[in-house]
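Here's the structure we're looking at; comments come further down.
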Amino acid sequence: MPANIIDGRAAAQRVRAEVARDVERLVSETARRPGLATILVGDDPASEIYVRNKRRVSQEVGIADHHRELSAHATQAEVAGVIDECNEDDAVSGILLQLPVPEGLDGAGLTSRIAPAKDVDGLTPVSAGRLLQNASGLRPCTPLGILDLLDSHGVSLEGADVAVVGRSNLVGRPVAMLLQHRNATVTMCHSRTRDLPGVCARADVLIAAVGVPRLIGPEYVKPGATVIDVGINRTEDGLVGDVDFEPVSERAGLITPVPGGVGPMTPAMLLRNTVQAARVQIAG
Ligand code: NAP
């Protein structure tokens, strides 16, 4: 029987509606509006599109726009100075430095400069450490989106065998950590994993965050398993995921498509993080 398909666009719309209500509640309770500072350095076309999209969705839910733009020739000190200004600005609840930054700048160093309370991408070392320790803090957006999709589709995580393919700081590592905190038994796989299909085929939940088009075929999937495809790969056939969707959907129980699965959840979770950050700052 073909798998049920997870509709990430509908889920993201639900999250945006929830966030819009939260924003209005916060404004009526505190007279303070959450604000997001997106920082774009240079003129990379893909980054420009991502930032434009994030600004648009945040304005739609009532989050104030504090966008900052620097030229591709900006120095490390100039970008650091803008981050410091945003750290100090009470109207800015969340800061997002769009990565990658132009060559010659140290993106990781700049990210570390973001105040942890405003780290709505959840990528600073402090946020990563808090996640490791299961302490309160802001979590990375794509992993949060994956958790939301699993929860909203009733996927049981307690004691479940989960395989995560990919160990990036952006997706693989943080999603594995969030799942461990939910009492899943997580196996982290990567390019040196021996017998990747065998390891994946034991999983109740399989998460692919690799960046290799259609790597995950049906032989990687336990019948009835939940398959979450994080991959976004531009190929001659258009946008495809890390999962070979057609044959895998004949075997899985539940599956995300590409596009329209995990992708729309990432900006939605950025909005949720921005409101969460604003609440904590106002309470603090
Ligand atoms: P990344 O930093 O390039 O990491 C890729 C990971 O995959 C690495 O850990 C690598 O292993 C592993 N890997 C590579 N080839 C492999 C193979 N043949 N077998 C097993 N593991 C392999 O990637 P990322 O930033 O996490 O992104 C992964 C994918 O998700 C990309 O397609 C990206 O565009 C997409 N993405 C989507 C969203 C979204 O919102 N939907 C957000 C972020 C990323 P090693 O560590 O051993 O090198």
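When N counts the residues of the stretch 1-63, how does its alpha-carbon radius of gyration compare numerically with 2.2 N^0.38 Å, as a ratio?
1.48
Look at where the Cα atoms of the stretch 80-121 and of the stretch 191-256 average out, and the two centres are 34 Å apart. Quick one: pull the percent of accessible area on the chain belonging to carbon and sulfur, 1.4 Å probe, ligands and nucleic acids left out. Answer for the chain is 50 percent, counting heavy atoms of protein chains only.
Bridge orientation summary for the chain: considering DSSP beta bridges with both residues in this region, about 10 percent are antiparallel.
How much accessible area per residue does the chain have, counting only protein heavy atoms and a probe of 1.4 Å, in square angstrom? Before the final figure, lay out each step's value.
Details: 13220 Å² over 284 residues.
Per-residue accessible area for the chain comes out at 47 Å².
Below 15 angstrom from the Cβ of LEU157, what's the summed charge of the other residues (Lys, Arg +1; Asp, Glu -1)? Don't jump to the answer; show the numbers that get you there.
Details: positive: ARG182; negative: ASP148, ASP151, GLU158, ASP161, ASP204.
Once positives and negatives cancel, what remains is -4.
Relative to the Cα centre, the charge distribution of the stretch 148-200, modelled as +1 at Lys and Arg Cβ and -1 at Asp and Glu Cβ, gives a dipole magnitude of about 320 debye.
Give me the Kirkwood hydrodynamic radius of the stretch 120-195 in Å, from all C-alpha pairs, to one decimal place?
Numbers: mean 1/r = 0.0785 Å⁻¹.
One decimal place: 12.7 Å for the Kirkwood radius.
Measuring max minus min along each principal axis, the C-alpha atoms of the stretch 217-284 give extents of 51, 30, 14 Å (largest first).
Kirkwood radius, the stretch 53-194, all distinct C-alpha pairs, inverse of mean reciprocal distance: 16.9 Å. Using the Cα coordinates of the stretch 132-250, the gyration tensor eigenvalues translate into equivalent-ellipsoid semi-axes of 22, 16, 14 Å, sorted from longest to shortest.
Over the Cα atoms of the stretch 96-145, Rg to Rh with Kirkwood Rh, two decimal places? Walk me through the numbers on the way to the answer.
Working: Rg = 11.2 Å, Rh = 11.3 Å.
Taking Rg over the Kirkwood Rh, I get 0.99.
What do you get for Rg/Rh over the stretch 1-119 if you use C-alpha atoms and the Kirkwood form of Rh? Don't skip to the end; give the middle numbers.
Working: Rg = 16.6 Å, Rh = 15.8 Å.
Taking Rg over the Kirkwood Rh, I get 1.05.
Remark: the stretch 123-241 carries a charge dipole of roughly 440 debye about the Cα centre, counting +1 on each Lys and Arg Cβ and -1 on each Asp and Glu Cβ.
Over the alpha-carbon set of the chain, divide Rg by the Kirkwood Rh and report the Rg/Rh ratio to two decimals. My calculation puts Rg/Rh at 0.98.
The values are calculated or read from the model by the stated rules, or taken from the named source; none is laboratory data. None of the values given here were measured: they were computed from a predicted structure. Note that each Cβ is placed from the backbone with ideal geometry, even for glycine, and that neighbours are counted across all protein chains shown. Note: accessible area is taken over every heavy atom of the protein model, side chains too, but ligands, DNA and RNA are not part of it. Shrake-Rupley method; radii C 1.70, N 1.55, O 1.52, S 1.80 Å.
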